[in-house]
Amino acid sequence: MKKEKLQCDTAREIPITEFLKRSGYSPAKENQHSAWYLSPIRQENEASFKVSKVLNRWYDHGLGKGGNIIDLVIEMNNSCSVIEALAILAKNIPSFSFQQQHNLVELAPEPEIQIEKILPIRHPALIKYLSERKIDAKTASRFASQVHYSMNQKRYFALGLENVSGSWELRNPYYKNAAAPKDFSYFTTGKQFLSVTEGMFDFFSLLMHYPGLPHQSDFLVLNSVSFINRIHKIAQTYPKAGLYLDNDSAGKKATKQLLADLTNSVDMSAIYKNEKDLNQLLIARSQHLRRSPW
């Protein structure tokens, strides 16, 4: 037992970024503190798999799941055993140097996002970003804002969607993250139905597909499928809750769970059955508008 524990402890010090590199994965973007990848454990088109170089931990924002390097190897190899995961690591990185461990702990703490100011969406770069995703800026502006923030003594701006904890989901062409605390977003005007999407661009796309929907429906944006258990109290107050989650493994799993937990919920993903999500459908159809999904 003592020998196995030592092996596990040693394996956990292997840099996840090095393991991913040797496994053929390159980061879509990275800085001193973190690296973002297309998820190695599911299919996606926008990098939402984050590796903290400070903590040497990973987190898949689409799945709402994370852990250490052993957990990652298990996920990447069909839920293999810990012993099998250790063997894979030993084979992939036989020349692991303990010098790499020390480099990890010498890094400064990952910087926090500080919100500086909130404005209407008007920056040309953000309007162009929306246009590239086939979203009309006026439509997005009804619910989102232009958020200026600082991080690591540098200033940035992004599309921002406020969540129920008073913080912000942040998106621009180069960055996808959230200011703490992360939570779901809820927009209500006392309508009869509730429409649930996975992310902000799914929400915007839903409004583009069905411009009259706000006259019938309130809206809830999960911002992460890991928040599905938080929305029951709100969702169960509606006679019908439409679920517009992604057609990937994480989205389908979350949809299945919500259908089981909420008797009033309806899976609406057949609308985009040949695409991963509503935004991909919108791009595929350009701006083919419909009156209402209900």
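The values are calculated or read from the model by the stated rules, or taken from the named source; none is laboratory data. Quantities reported herein were computed from a predicted structural model and do not represent experimental measurements. In this analysis, Cβ positions are derived from the backbone assuming ideal geometry, glycine residues included, and neighbour counts consider all displayed protein chains. For accessibility, only protein heavy atoms count, side chains too; no ligands or nucleic acids. Shrake-Rupley method; radii C 1.70, N 1.55, O 1.52, S 1.80 Å.
Structure notes:
- On the chain, 50 percent of the accessible area sits on carbon and sulfur atoms, based on a 1.4 Å probe.
- Intensity falloff of the chain expressed as log10 I(q)/I(0), Debye formula with alpha-carbon point scatterers, at q = 0.07, 0.10, 0.16 Å⁻¹: -0.30, -0.60, -1.29
- Rounded to the nearest 20 debye, dipole of the chain from Cβ charges on Lys, Arg, Asp, Glu: 500
- Structure-based [θ]222 nm, the chain - -39500 (n - 2.57) summed over DSSP H runs of at least 4, per residue, nearest 500: -8500 deg cm²/dmol
- Of all beta bridges that DSSP places with both ends in the chain, some 75 percent have antiparallel geometry.
- Taking each residue as 0.36 nm, the span from Ile115 to Asp71 lengthens on full extension beyond its C-alpha to C-alpha distance by 12.5 nm.
- Span from the the range 16-43 Cα centroid across to the the range 160-218 one, whole angstrom: 28
- Within the range 140-182: backbone nitrogen closer than 19 Å to the Gln32 label point (7 Å, Cα to C-beta): 150-156
- Selected from Ile69, Asn279, Leu259, residue furthest toward positive end of dipole (the chain; charges at beta carbon): Asn279
- Share of Cα-Cα pairs in the range 133-244 lying beyond 21 Å, as whole percent: 35
- Cα gyration tensor, the range 170-221 - rounded (a/c under 1.5), prolate or oblate: oblate
- Counting only aspartates and glutamates at least 8 places from Lys253 when in the same chain, those with an alpha carbon closer than 13 Å to its own are Glu198, Asp261, Asp267.
- For the range 186-294: rounded, prolate or oblate by the Cα gyration tensor [a/c cutoff 1.5]: oblate
- Summing +1 for each Lys or Arg and -1 for each Asp or Glu among the other residues whose beta-carbon sits under 15 angstrom from that of Ser141 gives +4.
- Where labels lie 7 Å past Cα in the beta-carbon direction, separation of His123 and Asn78 in nm: 4.6
- Mean accessible surface per residue for the chain, computed with a 1.4 Å probe while every protein chain stays in place, in Å²: 51
- For the range 133-190, the Kirkwood estimate of the hydrodynamic radius, built from every pair of different alpha carbons, is 12.3 Å.
- Scalar couplings 3J(HN,Hα) for the range 145-151, obtained by applying the Karplus form with A = 6.51, B = -1.76, C = 1.60 to θ = phi - 60°, are 9, 9, 10, 9, 9, 10, 7 Hz; x denotes Gly and Pro.
- Which listed pairs, of Lys65/Lys138; Lys29/Lys182; Lys128/Lys154; Lys128/Lys256; Lys65/Lys154; Lys154/Lys252, have C-alpha distances above 32 Å, in listed order: Lys65/Lys138; Lys128/Lys256; Lys154/Lys252
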